[in-house]
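**Student:** Before anything else, here's the structure in question.
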Amino acid sequence: MSTSTAAAPLKQRTPVRPARVLLHTFLVVTSLAWLAPLLWAIFAALRPYSETSNKGYVSWPDKLTFDNFKNAFEQSDMLHYFGNTLIIAVPAVLLTLLFSSMVAFYVSRFDFRLNIALLLLFTAGNLLPQQVIITPLYRMYLLIDLPGITASGKLYDSALGLVLIHVAFQSGFCAFVLSNYMRMLPHELTEAALVDGASVWRMYWQIVLPLCKPAMAALATLLSIWIYNDFFWAIVLISTGENMPITSALNNLSGQYFTDPNLVAAGALLTAIPTLIVYFVLQRQFVSGLTLGANKG
Amino acid sequence: MSSETPTKSPEAAPVPPPGPAPVKKRVPQGHQRLLTRRDRITLAFMAGVPTVLHVALVWITALASIALAFTTWDGIGFDSIKWVGLDNFKQLFTDNPQFWPAVQHNIIWFVVLILIPTPLGLFLALQLDKNIRFSRVYQTAYFLPVVVSLAVTGFVWQLVYNPDTGLINSIIGANKPGHYIDWIGDPKLNLWAVLIAASWRHTGYMMILYLAGLKGVDPSLREASALDGANEWQTFKNVIFPTLRPTNTVVLVVTIIEALRAFDLVFVFNKGAQGTELLSILITNNIIGESSRIGYGSAIAVVLLVISLAVIIPYLIATFRKERRA
């Protein structure tokens, strides 16, 4: 691309100019403003309740400790809820990627009439607000008996139920992105394999999938964060507080265990930590996943 | 979850390389001829299993919402489903004191998001696209709210808005009895308070989408415009903004869908109390509340479905039509 050639001289030509200083000042101020609510939450979480109730929240701190974080983590048995999330998110992400890549493979490699209709169905379904389907879904989950398979004996109030709805809902977006990605792979690749007598499954598993690694990595990052952050499905489809994944459990915990706002702040921030780690480590994947569907390349 | 509205657009369709004549649609037919019986069965499973799951959980339930909207049902046996025609809708439109406020709030939600955080996100993206230093650091700051779950966002903003202990009231001295400004409870204020939190998040999301869109703008266009003596605003107005058209479409659709999906933030904030009713909240309260009325809840869902499809269908048709032409 010509970006690099055009940008290089530009970069050297920018010594300190007043306009640039102004721009940086503006950006620093807005960045801080954007971080302010989070910083405020951290500040509150670091202070003991006794101190803030005495001196008020806008005051110089005498003591900053991690006690609130420790107490929030222990009192509410947060580890248990992180475990719940793990049980739901890991299979959901893997299954979504498997299913959507299979559909994408079919749609992009085999021109069986159906493919546009199929893709349309998946993408439109994924754009619907969840509340449109929740009433019948809730009833359906209550009606489906799975004795011995889930602890609740139904699809309702089970991790399996949440995994299924995540997979069904998210595979639309992923199928769309992956089919576009697979279409960019040269047709000769799979054609040659077919002529050599490779089965369709081998073609998918050994040729196409390995080439889709960058797109899959981006989608995996995105899906992990989305599913981790899910609040709605679990609020409605899980009835036992014990079975809730961490993000939804927070809603109950804040009422049950956490009596002071500093502890609530600490609890909320603790649940945000895994997403922040994933984001900072895999920032590139996350952003490219989000924009993969929206823009060229 | 998908509080993040996925983004898709025609531009995702790969642009065939300009070099050798692109291998076109004919090839797949060749693929098909070489398939064995086993391959065909494999393919049927590969496409079939995900489709059945998706259709069963998303589309059958969406259709069931429509069907149930014309009935009453206690949810116990299928025999107790009774056809009531348009009764649910009549009640909804005339008797429910929460319905019209909810519609209004969903509209306000969209209008605010499209008028404030969206242009702001575009503006920030334009600044960050200028090859400036620390661009990554700024990006991270604006984008952080998008990464954190909406539930956490709700809790964080409660600390800002709490009438007794919150940041705002502590600073302006409105936390003493008698002087309270109840940002969360006052029905005249709470929607705006929650919209500030929503905008805080939406700005970062829009910034990232526009930033990606701007990467696609040919730098020579900008140079040509600069050579013609256009200033920054003119270049933006006449050159950059028009080339961002595909991104703008995505942004518009994303923003509409986000406004229709708005739920988590309000639910955490005040459970959709007076002043912050939304269609999504009404539907959910109907399920998890004490008096669950299946037909009635479905009628609200149908309203939401109709509005959503009015946006989704034209958008997808345009998207796929372009893709076909490409």
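**Student:** Over chain B, what is the mean sequence separation of C-alpha contacts under 8 Å (at least six apart), divided by residue count, expressed as relative contact order in percent?
**Tutor:** About 29 percent, as a whole number.
**Student:** Continuing with the same structure: Excluding B:Ala44 itself, what net charge comes from residues whose Cβ is under 12 Å from its Cβ, given Lys and Arg +1 and Asp and Glu -1?
**Tutor:** Charge balance near B:Ala44 sits at +2.
**Student:** Can I ask one more? Say we join alpha carbon atoms closer than 10 Å with springs in a Gaussian network model of chain B; which of B:Thr247, B:Thr42, B:Thr203 then has the biggest fluctuation?
**Tutor:** B:Thr42
**Student:** I've got another one for you. For the protein assembly as shown, just say rounded, prolate or oblate: build the C-alpha gyration tensor, square-root its eigenvalues into a ≥ b ≥ c, call rounded for a/c under 1.5, and beyond that prolate if a/b exceeds b/c, oblate if not.
**Tutor:** Judged from the Cα gyration tensor, the protein assembly as shown comes out oblate (a/c at least 1.5, b/c at or above a/b).
**Student:** Additional query: Could you give me the ³J(HN,Hα) list for segment B:40-56, computed from phi with Karplus coefficients 6.51, -1.76, 1.60 and θ = phi - 60°, whole Hz, x at Gly and Pro?
**Tutor:** Each residue of segment B:40-56 in turn: 5, 5, 4, 4, 4, 5, 4, 8, x, 4, x, 5, 4, 4, 5, 5, 5 Hz.
**Student:** Looking only at A:Gln170, A:Gln206, A:Gln283, which one moves most when chain A is put into a Gaussian network model with springs between Cα atoms under 10 Å?
**Tutor:** A:Gln206
**Student:** Lys and Arg at +1, Asp and Glu at -1: add these up for the other residues within a Cβ distance under 13 Å of A:Gln256 and post the number.
**Tutor:** Summing Lys and Arg as +1 and Asp and Glu as -1 gives -2.
**Student:** To make sure I understand, if each residue's beta carbon is the centre and we count other beta carbons within 10 Å, what order do A:Asp145, B:Asp87 fall in, fewest to most?
**Tutor:** A:Asp145, B:Asp87
**Student:** Pick out, from A:His24, A:Ile134, A:Asn251, the residue whose Cα sits farthest towards the positive end of the charge dipole of chain A, with +1 on the Cβ of Lys and Arg and -1 on the Cβ of Asp and Glu.
**Tutor:** Towards the positive end, the residue furthest out is A:His24.
**Student:** Nearest 20 debye, what's the magnitude of the dipole of the protein assembly as shown about its Cα centre given +1 on Lys and Arg Cβ and -1 on Asp and Glu Cβ?
**Tutor:** With only Lys, Arg, Asp and Glu charged at Cβ, the dipole is about 2300 debye.
**Student:** Going 7 Å from the Cα of B:Ile172 toward and past its Cβ, which residues in segment B:194-215 have a backbone nitrogen under 16 Å from where you end up?
**Tutor:** In segment B:194-215, the label zone of B:Ile172 (backbone N under 16 Å from the point 7 Å along Cα→Cβ) covers B:194-197.
**Student:** Between A:Ser76, A:Ser239, A:Ser50, which gets the highest mean-square fluctuation from a Gaussian network model of chain A, Cα cutoff 10 Å?
**Tutor:** Largest GNM mean-square fluctuation: A:Ser50.
**Student:** Checking the a/c ratio against 1.5 first, then a/b against b/c, what shape does the Cα gyration tensor give for chain A?
**Tutor:** Oblate is the answer for chain A, as a/c is 1.5 or above yet b/c matches or exceeds a/b.
**Student:** Given the C-alpha centroids of segment A:243-289 and segment A:69-84, what is the distance between them in whole angstrom?
**Tutor:** About 11 Å separates the Cα centre of segment A:243-289 from the one of segment A:69-84.
**Student:** Explain nothing, just the number: relative contact order of segment B:255-326, from Cα pairs under 8 Å at least 6 residues apart, as a whole percent. Walk me through the numbers before you get to the answer.
**Tutor:** Values: 35 pairs, mean separation 18.2, N = 72.
Rounded, it is 25 percent for segment B:255-326.
**Student:** First check a/c for segment A:88-190, with a ≥ b ≥ c the square roots of the eigenvalues of its C-alpha gyration tensor; if it is under 1.5, answer rounded, and if not, answer prolate when a/b is larger than b/c or oblate otherwise. Working shown, then result.
**Tutor:** Numbers: a/c = 2.86, a/b = 2.04, b/c = 1.40.
Prolate, because a/c is 1.5 or more and a/b exceeds b/c.
**Student:** Give me the one-decimal nm value for the distance between modelled label points at B:Val49 and A:Val58, 7 Å along each residue's Cα-to-Cβ direction.
**Tutor:** 5.9
**Student:** How long is the gain from A:Ile116 to A:Phe73 if the chain were fully straight, where each residue apart is worth 0.36 nm and the alpha carbon distance is subtracted?
**Tutor:** Answer, rounded to one decimal: 10.6 nm.
**Student:** Name the longest site-free stretch of chain A, where the excluded sites are trypsin sites (Lys or Arg not before Pro) in a DSSP loop with no more than 14 other beta-carbon atoms within 10 Å.
**Tutor:** The longest such stretch corresponds to A:114-297.
**Student:** When the dipole is taken about the Cα centre of segment B:99-276, and only Lys, Arg (+1) and Asp, Glu (-1) are charged at their Cβ, what size is it in debye, to the nearest 20?
**Tutor:** Result for segment B:99-276 is approximately 140 debye, rounded to the nearest 20.
**Student:** Rounded to the nearest 20 debye, what is the charge dipole size of chain B about its Cα centre when +1 sits on each Lys and Arg Cβ and -1 on each Asp and Glu Cβ?
**Tutor:** 1580
**Student:** Going by amide H atoms built from the backbone, whose H comes under 5 Å of the H on B:Thr71, apart from near neighbours?
**Tutor:** B:Val84
**Student:** Any chance you could check the Cα centroid distance between segment A:39-55 and segment B:183-248 for me, in angstrom?
**Tutor:** So the two Cα centres are separated by 36 Å.
None of the figures in this text is laboratory data; all of them are computed from the coordinates on show. Computed from a predicted model, the values in this text were never measured in an experiment. As a convention, Cβ positions derive from the backbone with ideal geometry for all residues, glycine included, and neighbour counts pool all protein chains shown.
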